[in-house]
Ligand SMILES: [Fe+2]
Ligand SMILES: [Fe+2]
């Protein structure tokens, strides 16, 4: 089966990408260890060899972890993993420069940045890596370095990840200061049976500065690595965003269609553990290209006037098909993030515009050849699970709306959803998306659940 062949290719891509990236991480880590050994004349050979092996084992755990991540995640994460490598180099360098106190190491920034730009699981594992690595490399290898950063870093990553708005950053900083100060107090009492004011001050500064630096560096990471963070996505989903406002005013039908597609995609992406925020926000923008000629799209034809009645099928197709390229022009103009632009480009795949293709074929005279190319979207097919979810939600929304409201029952909606997904699958539109067959079933169930919870069900006949 095509889908399975594609998954096999993605598995290979996953292997190659993770091996390459881990090669980079390994080189940096070993370079750090080598440098440390070079400047530490006091290290015995036994100590040097042990440090080397401990580092290798530590890296081994990280490689295994990366290897267990889903193929699509590792594939879309390559850029973010480079952030990780860059940060690793920064930490290694600073660990050598700072010799006064372990409380001055900038380790807390890493789990927070990784939680924001990659994901929470990877942030926690990376923090473990950085904490152990720093405790191994820092001048006198004390175990409180490990405890302090393991606890502080994990809490920092969780706090920042689940803080919905950047406005709550002061709260994150406040909590992290309390966490850090408590950690250092308990560690001091445990180790020295005493506590030191200087440690308090350094722990407090470390927490506060780490949060400020993370937030300060975030736009740079977003721009340089072109990653889209949850808070950036949240900004783009705001109703005050110019393109969303334009949809509401100039193409209200498309605006409502997009809102419904967003609800469907969000639920389905959540259920298959894909990036549900990206799927939701990209859905809000997927049809912005319709702003160029809104009246040519059925959802905006309120008065029953259909301009396509007056057009040759070829011209109609040209207008409908160009909503993807028109969308890309607007997306560039309004500087939408690449992740959203990719979904706009891929949401129709290279599907055939069957209605106008058939209309042209039926109206063909003599030996006139009607080419499928003229009536097909230019593609590419969805390249990620999120893009595929948006495609399926989009087709489902249009198909369900086409069922007359008085005949709309849960039973026939379920059948329609399953037909839409089956058709897209058979057309090969999902071949490059990395979705599994099992995930297609989960998506179908998620769509039905959204409809069950919507107002439409008020008019739905009881089963
Ligand atoms: Fe579309
Ligand atoms: Fe659409």
If you go through segment 170-178 one residue at a time, do you hit one that is crowded, with 18+ Cβ neighbours inside 10 Å and outside any helix (DSSP H, G or I)? no
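Can you tell me which residue in segment 340-372 is nearest to ligand 1 (Cβ to nearest atom), limited to those that are under 12 Å from residue 282 (Cα atoms) and in contact (Cβ under 8 Å) with a residue 24 or more places away in the chain?
Pass one, segment 340-372, residues under 12 Å from residue 282 (Cα atoms): 340-347.
With the extra rule that they be in contact (Cβ under 8 Å) with a residue 24 or more places away in the chain, the set shrinks to 340, 342-347.
Details: 340: 14, 342: 14, 343: 11, 344: 8, 345: 11, 346: 11, 347: 6 Å.
By that ranking, first place goes to 347.
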Would segment 326-347 turn up any residue that is in contact with a strand residue (DSSP E or B) (Cβ under 6 Å, 6 or more places away or on another chain) and within 26 Å of residue 427 (Cα to Cα)? no
Scan 302, 295 and give me the residue that is in contact with a helix residue (DSSP H, G or I) (Cβ under 8 Å, 6 or more places away or on another chain), assigned by TED's automatic domain parsing to the domain that holds residue 359 and in a loop (DSSP other than H, G, I, E, B). 302
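Listed residues 368, 372, 411; which is touching a strand residue (DSSP E or B) at 6+ places or on another chain (Cβ under 8 Å) and more than 29 Å from residue 339 (Cβ to Cβ)? Full working, then the answer.
On the way: 368 fails: touching a strand residue (DSSP E or B) at 6+ places or on another chain (Cβ under 8 Å); 411 fails: touching a strand residue (DSSP E or B) at 6+ places or on another chain (Cβ under 8 Å).
Of the residues listed, the single one that is touching a strand residue (DSSP E or B) at 6+ places or on another chain (Cβ under 8 Å) and more than 29 Å from residue 339 (Cβ to Cβ) is 372.
Would you be able to say whether some residue in segment 331-339 is more than 14 Å from ligand 1 (Cβ to nearest atom), touching a residue at least 60 places away in the same chain (Cβ under 8 Å) and assigned to a helix (DSSP H, G or I)? Break it down stepwise before answering.
Quick first cut of segment 331-339, residues more than 14 Å from ligand 1 (Cβ to nearest atom) only: 332-339.
Retained after the next criterion (residues that are touching a residue at least 60 places away in the same chain (Cβ under 8 Å)): 334, 336-339.
Next, only the ones that are assigned to a helix (DSSP H, G or I) stay: 338-339.
Within segment 331-339, one or more residues are more than 14 Å from ligand 1 (Cβ to nearest atom), touching a residue at least 60 places away in the same chain (Cβ under 8 Å) and assigned to a helix (DSSP H, G or I).
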Regarding segment 226-241, can at least one residue be identified that is within 16 Å of ligand 1 (Cβ to nearest atom), in the same structural domain as residue 300 (by TED's automatic domain parsing) and in a helix (DSSP H, G or I)? no
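Within segment 298-319, take every residue that is closer than 20 Å to residue 395 by Cβ and crowded, with 22+ Cβ neighbours inside 10 Å and give me the one that is nearest to the chain's Cα centre (by Cα).
That would be 317.
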Somewhere in segment 134-148, is a residue surrounded by fewer than 19 Cβ atoms within 10 Å (Cβ to Cβ) and modelled with pLDDT of 90 or more? yes
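Does segment 162-184 hold any residues that are modelled with pLDDT of 85 or more and touching a helix residue (DSSP H, G or I) at 6+ places or on another chain (Cβ under 7 Å), and which are they?
Let us first name the residues in segment 162-184 that are modelled with pLDDT of 85 or more, namely 171-184.
Once the filter is applied, which keeps residues that are modelled with pLDDT of 85 or more and touching a helix residue (DSSP H, G or I) at 6+ places or on another chain (Cβ under 7 Å), segment 162-184 yields 172, 173, 175, 176, 177, 179, 180, 181, 183, 184.
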Taking segment 279-295 as the region of interest, how many residues are within 21 Å of residue 245 (Cβ to Cβ), away from ligand 2 (no atom under 13 Å from the Cβ) and touching a residue at least 24 places away in the same chain (Cβ under 8 Å)? 4
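Would it be correct to say that residue 159 is modelled with pLDDT of 75 or more, within 30 Å of residue 48 (Cβ to Cβ) and touching a helix residue (DSSP H, G or I) at 6+ places or on another chain (Cβ under 9 Å)?
Details: modelled with pLDDT of 75 or more: yes; within 30 Å of residue 48 (Cβ to Cβ): no; touching a helix residue (DSSP H, G or I) at 6+ places or on another chain (Cβ under 9 Å): yes.
Answer is no for this residue.
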Restricting attention to segment 389-422, report how many residues are without any contact (Cβ under 8 Å) to a residue 24 or more places away in the chain and within 16 Å of ligand 1 (Cβ to nearest atom). 2
Is it true that some residue in segment 79-93 is surrounded by 16 or more Cβ atoms within 10 Å (Cβ to Cβ), in contact with a helix residue (DSSP H, G or I) (Cβ under 8 Å, 6 or more places away or on another chain), within 23 Å of residue 208 (Cβ to Cβ) and modelled with pLDDT of 65 or more? yes
In segment 242-279, residues that are away from ligand 1 (no atom under 16 Å from the Cβ) and either under 19 Å from residue 436 (Cβ atoms) or within 16 Å of the chain's Cα centre (by Cα) (or both) total 13
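The values are calculated or read from the model by the stated rules, or taken from the named source; none is laboratory data. Predicted model, so just to flag it, every value in this text is computed and none were measured. In this analysis, Cβ positions are derived from the backbone assuming ideal geometry, glycine residues included, and neighbour counts consider all displayed protein chains.
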